[in-house]
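The values are calculated or read from the model by the stated rules, or taken from the named source; none is laboratory data. All of these numbers come straight from a predicted model, not from anything done at the bench. Counting neighbours? That spans all protein chains shown, and the Cβs are built from the backbone with ideal geometry, glycine included.
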Amino acid sequence: MEFNNGMVDIGYYIVKPSSNTLKYQIGKVAVEIPINIYVNKEHFVTLFSTPLMIKELVIGYLLAEGIIKSINELTEVKIRNSGVYVTTNVDLSLRLKAAKMVKIVETACGSIEDFYRLLDRIDKPIVKSDYTINVKELISMIKELNKNSKIFNQCGAVHSAAIFYMGKLVAFAEDVGRHNATDKVIGASALNNIDFSKCVLIGTGRQPASMVLKVARVGIPILISIRGPIHSGVFAAQKTGITYITFTRGELRIYSHPERISLKPT
């Protein structure tokens, strides 16, 4: 099957109830495929992703999940069909084991008390950047994100994410998964040696704690969601030192660390 920029042509019928008629046409549909990640020859995880920016996805995922501390710990990233084979110059066995335990708590057996107790163990901010930005710049960034969302504009069904360094767009990605889109822009920025401490990450998806922690692990100080807030995300942002903002119904709402947002004109 040929994928055209993360999309495929599919035939479908349009039903018009007013006239009780069917119309057949061809349209674009977003694609997802399994991406199997192997770390030092061992299978680690399978992600379902839009088949674009696969290398960036894998590097961003490993950084955002705390599996690698920096891109310098990688010696090779080889893509072979739906498998990505990562080789490192450090022993990651303990980090991989810890990551699997966190996933179990996040997705399965953890109670509400356990979940918030884990977040509450963060006793000091991870992100200490003093980077600030103007409200007008934030609005401009949101508009630029929307303008670049080509797959979404053609067929929907995907999320977009973007990283802006000092107000300039340096990474953009679309994916069927909001986590994947975030990992892709983190990976793309890391490959270009972007200083995360002076960045803003904007995503179209919800930002619960699992998403906020990805952003915190790489040191991005400002996170914007084009959705309403999730309490776990707000709590995680407060604990990790991230400025957490939502943009809905034409207004910005700042839920943590508002000192990074300036109301003064640029």
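The table below lists the values:
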item	result
Members of the stretch 3-32 that are in a loop (DSSP other than H, G, I, E, B), under 28 Å from the mean Cα position of the chain (by Cα) and modelled with pLDDT under 70	F3
Check on V102, surrounded by 14 or more Cβ atoms within 10 Å (Cβ to Cβ), modelled with pLDDT of 60 or more and not assigned by TED's automatic domain parsing to the domain that holds T240	no
Cβ pairs under 6 Å, 6+ apart, first in the stretch 126-148 and closer than 16 Å to G219 by Cβ, second among the charged types (D, E, K, R) and in a helix (DSSP H, G or I)	Y131/K198; T132/R260
Failed condition for S197, given (1) in contact with a helix residue (DSSP H, G or I) (Cβ under 8 Å, 6 or more places away or on another chain); (2) in a helix (DSSP H, G or I); (3) closer than 21 Å to S262 by Cα	(1)
Selection from the stretch 161-205 of residues that are among the polar types (S, T, N, Q) and modelled with pLDDT of 95 or more	T182, S189, N192, N193, S197
Every residue from the stretch 62-76 that is over 11 Å from V218 (Cα atoms) and surrounded by 21 or more Cβ atoms within 10 Å (Cβ to Cβ)	I67
Filter pass, G187 being in a helix (DSSP H, G or I), farther than 22 Å from S70 by Cβ and not assigned by TED's automatic domain parsing to the domain that holds G66	no
Of residues in the stretch 46-61 being surrounded by fewer than 20 Cβ atoms within 10 Å (Cβ to Cβ) and touching a residue at least 40 places away in the same chain (Cβ under 8 Å), the one nearest to V77 (Cα to Cα)	K55
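Conditions (1) over 26 Å from K147 (Cα atoms); (2) touching a residue at least 24 places away in the same chain (Cβ under 8 Å); (3) not aliphatic (A, V, I, L, M), marked per residue:
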| residue | (1), (2), (3) |
| --- | --- |
| M211 | no, yes, no |
| V215 | no, yes, no |
| P221 | no, yes, yes |
| G250 | no, no, yes |
| R253 | no, yes, yes |
| P258 | yes, no, yes |
